[in-house]
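Structure, as structure tokens:
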Amino acid sequence: EAGVVQSPRYKIIEKKQPVAFWCNPISGHNTLYWYLQNLGQGPELLIRYENEEAVDDSQLPKDRFSAERLKGVDSTLKIQPAELGDSAVYLCASSVDTGTGELFFGEGSRLTVL
Amino acid sequence: AQSVTQLGSHVSVSEGALVLLRCNYSSSVPPYLFWYVQYPNQGLQLLLKYTTGATLVKGINGFEAEFKKSETSFHLTKPSAHMSDAAEYFCAVTSNTGFQKLVFGTGTRLLVSP
């Protein structure tokens with residue numbers, strides 16, 4: 001069974017440029033999460049989708065971050081424009097449901113903003 | 001609000017020695033508790049979880065953890081460390097009511113020396 005797939009693995013951009021990350025969850029997993037992981041910190045939830053609906057985006061900085069999950073399968077997280085402080089690892093995870101906390105994570109997309 | 005505190009950002013042990021990674025939680029409702037492991041350049045992987053029932057839970061790779069309500073703790077142990085156990089370990093908590101938002105600790109890096 002394929003795991004959660006994320007791309008790109010690494011991205012280096014200059015500040016004020018846009019960037020997008022893509023995630024394909026495990027087949028059959030209706031719930032999809034985007035987490036932000038700063039260096040030396042634990043993951044922090046940015047947004048959670050139930051199928052195509054964003055049901056928790058309270059931690060997503062909406063002035064520059066956006067996300068979508070068309071057709072309730074894969075998802076894209078966008079930052080425009082990027083700032084120096086956005087340098088971090090962006091993790092995507094999926095789960096069968098939201099009841100058990102058992103999330104399956106992708107390898108992450110490491111963003112460096114210069 | 002729920003939270004977890006992981007004592008010690010780094011723990012060093014010798015190969016074959018006991019591994020003890022500490023986690024204390026705060027929750028106003030009965031918690032679900034988790035340990036995730038993150039190997040270098042990889043996504044997080046579920047190690048073990050406590051939801052209800054037996055307070056001593058066993059996970060993959062010989063790890064186990066014990067839920068102690070009186071101490072609000074969920075420490076992770078392994079009798080004998082192996083070089084391959086070197087990784088970052090995250091404790092996480094969620095609740096058993098409503099939508100369960102997984103909250104991670106800041107992580108403990110386990111270093112294993114020969």
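Points to keep in mind about this one:
- Here is the P(r) of chain B: all C-alpha pair distances, binned every 10 Å from 0, give 15, 49, 29, 6, 0 in whole percents.
- In terms of the mean number of neighbouring beta-carbon atoms within 10 Å, the peptides B:56-68, A:21-33 order highest first as A:21-33, B:56-68.
- Beta bridges from DSSP with both residues in chain A: antiparallel share about 90 percent, rounded to the nearest 5.
- Look at the stretch B:104-110: the mean tally of other chain Cβ atoms within 10 Å of its residues' Cβ atoms is 3.
- The magnitude of the dipole of the protein assembly as shown, with charges of +1 and -1 set on the Cβ of Lys/Arg and Asp/Glu and taken from the Cα centre, is near 320 debye.
- Residue with peak Gaussian network fluctuation, chain B [Cα springs, cutoff 10 Å], from B:95, B:28, B:84: B:28
- Between residue A:97 and residue A:16, the simple spin-label model (points 7 angstrom out along Cα→Cβ) gives 5.0 nm.
- Per-residue average of Cβ from other chains inside 10 Å of A:103-110: 4
- Chains A and B, summed buried accessible surface - 1.4 Å probe, Å², nearest 100: 1700
- Calculated FRET efficiency, residue B:70 to residue A:44, Cβ-Cβ distance, R0 = 30 Å: about 0.55 to the nearest 0.05.
- Cα centroid of the stretch A:51-80 to Cα centroid of the stretch B:21-68, whole Å: 28
- Taking every C-alpha pair closer than 8 Å and separated by at least 6 residues, the mean separation divided by the residue count of chain B gives a relative contact order of 38 percent.
- For B:38-46, mean number of other protein chain Cβ atoms within 10 Å: 6
The values are calculated or read from the model by the stated rules, or taken from the named source; none is laboratory data. Owing to the predicted nature of the structure, the values given are computational and were not obtained by experimental measurement. Cβ coordinates were reconstructed from backbone atoms using ideal geometry, including for glycine residues, and neighbour counts include every protein chain displayed. Just the protein is used for accessible areas: all its heavy atoms, side chains included, with ligands, DNA and RNA removed. Shrake-Rupley method; radii C 1.70, N 1.55, O 1.52, S 1.80 Å.
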